[in-house]
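Enquirer: Take a look at this one; I'll ask things after.
The values are calculated or read from the model by the stated rules, or taken from the named source; none is laboratory data. The structure displayed is predicted, hence computed values, not measured ones. Here the Cβ positions follow ideal geometry from the backbone for every residue, glycine too, while neighbour counts run over all protein chains shown. Surface accessibility is based on the protein's heavy atoms, side chains included, excluding ligands, DNA and RNA. Shrake-Rupley method; radii C 1.70, N 1.55, O 1.52, S 1.80 Å.
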Amino acid sequence: MADLGTADIRVRVNGSMRRETVRPRLTLADFLRVNCALTGTHLGCEHGVCGACTVLLDGEAVRACLVFAVQADDAEVTTIEGLAAPDGELSAVQAAFREHHGLQCGFCTPGFVVSVTAFLAENPKPTDEEIREALTGNLCRCTGYQGIVNAVRAAADKSVTEDSA
């Protein structure tokens, strides 16, 4: 039972149900990092600009720093940790980022990978222009973006090939 300064929430995180009592102003990013010990969701700007904290909320890419944990009540949250298969095999997007050097220091990578995962679910055959437009919501200070664009193209090509097989 929550008191007036807290709220009870139920949220499925990476497939596991979590029941927690939280303060209403706790961000989803802090809930994931502190309460769930999922530190792959990075905090950069904490204003929703950089995209480092992007997670999937009921399949939609959202900035976890701009969402309160109470807003995720009765929802499904997928973080970077939840994208790989249970046996640890990387998702197509994760593997493409590794293979095509879509990362350097790695700080922005989780947000990019989650954003790209949502983008390719909506647009599995994007043009290079559409890829570049989709990436505008995430900032990277290291890579120059070409490796990231190449990784997205490779992941899209792989998923198109797998779907037609």
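Enquirer: Going highest first, how would you order 67-76, 40-49 by mean Cβ packing within 10 Å?
Expert: 67-76, 40-49
Enquirer: 222 nm [θ] for the chain, helices only, -39500 (n - 2.57) per DSSP H run of 4+, per residue, to 500?
Expert: Here the helix-only value at 222 nm equals -9000 deg cm²/dmol.
Enquirer: What is the angle, in °, between the Cα long axis of helix 109-122 and the longest principal axis of the Cα atoms in the chain? Nearest 10 is fine, range 0 to 90.
Expert: 80 degrees
Enquirer: Continuing with this model, one more query. Magnitude of the Cβ-charge dipole of segment 23-124, K/R +1 and D/E -1, about the Cα centre, nearest 20 debye?
Expert: Using Cβ point charges on Lys, Arg, Asp and Glu, segment 23-124 gives about 420 debye.
Enquirer: While we're on this one: Can you give me the distance in nm between label points at R153 and H101, each placed 7 Å from the Cα along the Cα-to-Cβ direction?
Expert: Distance between the two pseudo-spin positions: 1.5 nm.
Enquirer: GNM on the chain, C-alpha springs below 10 Å: top fluctuator among A151, A92, A121?
Expert: Highest fluctuation among the options: A121.
Enquirer: While we're looking at this one, here's another question. If you line up the Cα atoms of segment 1-105 on their principal axes, what length do they span on each, largest first, in Å?
Expert: Its Cα atoms span 50, 31, 21 Å along the three principal axes.
Enquirer: Hey, another quick one. Tell me, what is the per residue accessible area of the chain in Å², probe radius 1.4 Å? Write down the numbers at each step before the final one.
Expert: Working: 8910 Å² over 165 residues.
Accessible area per residue: 54 Å².
Enquirer: Starting from the Kirkwood radius over alpha-carbon pairs of segment 85-126, derive D by Stokes-Einstein at 10 °C in a medium of 1.306 mPa s and give it in µm² s⁻¹.
Expert: 145 µm²/s
Enquirer: Next question, about the same structure. Work out how far the C-alpha atoms of segment 1-60 reach from end to end along every principal axis, then list the three figures in whole Å, largest first.
Expert: Each principal axis gives a Cα extent; for segment 1-60 these are 36, 25, 20 Å.
Enquirer: Using per-residue counts of other Cβ atoms within 10 Å, averaged over each peptide, order 15-21, 50-56, 28-34 from highest down.
Expert: Ranked by mean Cβ neighbours within 10 Å, highest first: 50-56, 28-34, 15-21.
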